[in-house]
Amino acid sequence: MRFTSIVMSTESTHPTPELIEAMGKLADREIKAGRMLDTAGLMPLATGARVTIQDGKLSVVDGPFVEAKEVVGGYAIFELQSKEEAVALAVEFMQLHKDLMPGWEGTCEVRPYFEPGTEGICDPLAEARA
């Protein structure tokens with residue numbers, strides 16, 4: 001199964017050199033194992049744009065986005081055997097942040113990809129109706 005891990009924070013601080021090095025080692029290990037397919041950190045909000053549909057109208061707003069409460073800082077895409085394996089990698093990744101950037105707060109969201117055969121997963125009540 002494919003999973004995306006998305007790292008979000010209310011802070012817009014840059015990672016420390018020690019954290020960058022540790023994340024690089026983790027990524028190298030996972031790439032060599034054939035489990036990590038892609039990863040990247042994202043540029044600050046000021047460099048982006050937001051395209052929105054509201055009240056039937058499209059609008060484009062250049063960053064920064066004042067109303068942003070959480071900012072996506074980066075992502076990784078994995079090919080793994082289970083959700084548990086994906087969560088274990090997210091825990092390891094977040095532990096690096098805890099150890100190497102004391103005081104930083106954030107979230108790593110783990111989400112499986114929609115793939116053939118996963119249709120019922122998108123409906124949390126599917127098992128109850130079966």
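So how many residues does region 74-89 have that are closer than 16 Å to Tyr113 by Cα, of a type in the set (Gly, Ala, Ser) and touching a strand residue (DSSP E or B) at 6+ places or on another chain (Cβ under 7 Å)? Here the count works out to 2.
On the basis of being assigned to a loop (DSSP other than H, G, I, E, B), open to solvent by less than 50 Å² (accessible area, probe 1.4 Å) and either of a type outside the set (Lys, Arg) or on the phi > 0 side of the Ramachandran plot (or both), does Phe3 make the cut? Full working, then the answer.
Values: assigned to a loop (DSSP other than H, G, I, E, B): no; open to solvent by less than 50 Å² (accessible area, probe 1.4 Å): yes; either of a type outside the set (Lys, Arg) or on the phi > 0 side of the Ramachandran plot (or both): yes.
No; evaluated as a whole, the condition is false for this residue.
Checked against (1) loosely packed, with under 14 Cβ neighbours inside 10 Å; (2) not aromatic (Phe, Trp, Tyr); (3) not in a loop (DSSP other than H, G, I, E, B), Leu37 passes all but condition (1).
Could you say whether any residue in region 87-98 is of a type in the set (D, E, K, R) and open to solvent by less than 40 Å² (accessible area, probe 1.4 Å)? No, region 87-98 contains no residue that is of a type in the set (D, E, K, R) and open to solvent by less than 40 Å² (accessible area, probe 1.4 Å).
So Ala49 ticks every box in (1) touching a residue at least 60 places away in the same chain (Cβ under 8 Å); (2) open to solvent by less than 90 Å² (accessible area, probe 1.4 Å) but one. Which box is left unticked? So Ala49 meets the others, but not (1).
The values are calculated or read from the model by the stated rules, or taken from the named source; none is laboratory data. Because the structure is a prediction, the values reported are computed rather than measured. Cβ coordinates were reconstructed from backbone atoms using ideal geometry, including for glycine residues, and neighbour counts include every protein chain displayed. These area figures cover heavy atoms from the full protein model, side chains too; ligands, DNA and RNA do not enter into them. Shrake-Rupley method; radii C 1.70, N 1.55, O 1.52, S 1.80 Å.
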